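Please read the structure below before turning to the comments.
The values are calculated or read from the model by the stated rules, or taken from the named source; none is laboratory data. Quantities reported herein were computed from a predicted structural model and do not represent experimental measurements. Backbone-built Cβ (ideal geometry, glycine too); neighbour counts: all protein chains shown. These area figures cover heavy atoms from the full protein model, side chains too; ligands, DNA and RNA do not enter into them. Shrake-Rupley method; radii C 1.70, N 1.55, O 1.52, S 1.80 Å.
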Amino acid sequence: MFLVLIKPKVNCKLLIIVFLMISMPGMAQVLPDSIQHKKDSVQHTNNLLFNSMDFITTDSGIITNRYKINSCKDYTISSGFEPYIGHAIRKPMEPAKANFLTIHGNIAYDFYYRSKIDTPFAQQDLQQHTERVYLNALIEGKYPIKINFTARQSNSPYFANFYNVNFQFDKYGYNKGLKQELIDQLTTILLKRPDLDSTEFAMKKYSLQSDSLRNFMESPSTLQKIIEEREMSYNQQLSVKNYASGLNLNKDTSLPKIGIPESNNKFKFKQTDTTISTSIAKLDTATGKYTALYDSVSKKIDSLAKKIQVLQQRADSIENVAQNNLTKAKQRVYSATNETQLQEIATENGVKLDKEQKLQRELSAIRTFSIGRGILNYTELTAQNITLTGINVEYNPSYYVAFAAGKIDYNFQNFFNAASGIVKNGGQYLVLGRYGIGNIDKEALIFTLFEGRKDQSQTTLSDTSNGYVNILGYSMEAIYKIDKNTIVSAELAKSTEPVTGNLNLHNTEQTKVLWKYSDKSNMGINIKGETVIPETKTKLSGFYRKSGENFQSFSLFSYNTNQTAWQAKAEQPLLKNKISVTGMIRRDDFTNPLIDQTFKTSTIFKSILVNVHFPKYPSISFGYYPSTQLYVVNGQQLTQSAYYILNGSLVYSYSYKHIKMNTSLIYNQYFNQATDSGLVLYKGVNYYISQTLFLGKLQLQGGYSYNKQPELTFYTLEASADYSLNSWLKIGAGIKDNQVAAGADYIGGSGQITADFKKLGGFQFGYDKSYLPTTTQTLYPIEIGRISWYRIF
């Protein structure tokens, strides 16, 4: 932005004097003090007629003054500010003061009704209420906390009511903010290059000079003067030429004869002709003033352009080096996993940490801080995927320490209600401590001590008062990351043998087995690893686990069984990730604390999954993999069976005549037996095809499903439509026709309403009537209703 001051009616003589002083550096001293600038703060360009400029350097930019004569009676002074373009000079804006507490999250309520539920239990008129609150709290703009509340109430004797609350330090959010803060500091330091600043300052100076010169060349007054000069020069030369030609006319002319012809027929002026040649030379000098000045300015601009080009190349080279250093530092920051690594990066790059920053670096070493109901997930031989209501803390700066204590609830799958007395959970607890050295993500040696009690009687529906088993054990785990692509770990653990009743630590018969390494019956070992082959991008992973018949932990649930389990998995992308193939084989990798397994301990399960996706073509996937199913034997024993599923799908999203569409084809085949399920869906085949059309606010969908089992064959035709009445209200409805082969016809349907309000939140109302198969070649109705409310804030 320029401030323009116009001062009219200037004395023309004074203006000419000022112009001459500016144009001739040697005469600058005669200017009055009020016109001169201080030489220590002002640098002048090569000023030109009608255009002159000077600028004053400051810490943050350049103040530019431009002078322009508009006519003989007025001139203009324009002042402006040009900031530096160097990154290091730019000062970041002061961040706004953060509020002490900022909360965002969502709250939801859901009511669910089902007229009948199926496997593995049968129940009529299930009603269930679920409340969820997820809060992300930020304290002083730096310390993120997650608060989760979940509650469920139902009228089912199989689904337990619960109220869960969890407070958790958000380590991911905290470390993300901490790393960004360090990156901001590194950006300021690494891009602060004095040589870059001086180079960019010189570029700015030459650019301003070039702009001023171009303004002169493009000025209408300058171009007009040049035209006038050329016209005057042409007219004067033409007059002189005519005059000179007239001197050589025949003797009858009225003009005097001055030139005398020579023998070569060329005219040559004698001593008497000196006045004419001198006049022409003076005329050429006078009339060529603006033209010569224009050519001189053009050459000056070319010279400045070359200087700017050289400086730009130098600035780019300096900036590339600085950016490369910054990129490398960023990569190190992003890959850092603990406080020590961040501290090393900060120290190496000259980032000084104050007391508050040091506290932040210490907090970044917290891996887990959880109070309430959460998932405990440490090692395969101690406690893994355990629902714990209590406290769990994990801290890993240059050393490693963890502590967890609380009530165990293996009832996470909710097939039994603890209140009914079917399964007791109140007496189960766990206390675990871990200590080690190193970084758990790279190299570490960790010792774990665990103690507690769990209920062995969970595998049956009957109540056993003396079913508690006390556990005391320890493990030693070694973790080693060979390189960025390969990491391995090994763990050895010992435990007391299963003892019902109290565990007496002073009873040497019970505790001496902890140190008897020749006894393998109460020992467990686990080795696992994963690697990536960079050349082929092949990912390999696997584990091997061996446990004796008397070994106990909070992760394994088989007693009096010498078990060997292993798994090998390979993932291979092909054709630039357009095709991916995953294969896996495993043995005894199914664990469930609530059931007895029907498959043998030597069973080996195999699976393969292939995904194919080329842009603008259908996405195809197919797989062959094992699955499990729960069922009840004689109303008393909960059992888990395993079988295979063959699955294939094709999904294609495309447009036809400006209408967006989606086509889906799905195939499933189940290789299970009738004894594996309480339903008739065994050795079944299912085909499903659907077509969706997106017509602006209207969405249409149609589908066809074909189901064939040994006991029943039926198909279903369905059609539905969803319409957005406006931005906040959407309605939908559908109809289903179920036809049993050579049997009855069953009509079902569905309907839903969705409404979103800015302040009240969103509401959903849904109803669906479907049909499930029976063993009597018929279908029976299932009605499902749902009312939901949610709000995001």
Please give the peptides 213-220, 712-719 ranked by average Cβ packing (other Cβ atoms within 10 Å per residue), highest first, as a rough proxy for protection. 712-719, 213-220
Net charge within 11 Å of GLU394 by Cβ-Cβ distance, Lys/Arg positive one each and Asp/Glu negative one each, not counting GLU394 itself? +3
Listed residue pairs exceeding 29 Å between alpha carbons, taken from LYS657/LYS759; LYS494/LYS528; LYS481/LYS576; LYS708/LYS769; LYS171/LYS328: LYS657/LYS759
Using packing as a proxy for protection, rank 199-210, 316-327 so that the peptide with the highest average count of other Cβ atoms within 10 Å comes first. 199-210, 316-327
Expressed in square angstrom to the nearest 10, the accessible area of GLU344 with a 1.4 Å probe stands at 90 Å²
In segment 649-793, what percent of the accessible surface is made up of carbon and sulfur (1.4 Å probe, ligands and nucleic acids excluded)? 63 percent
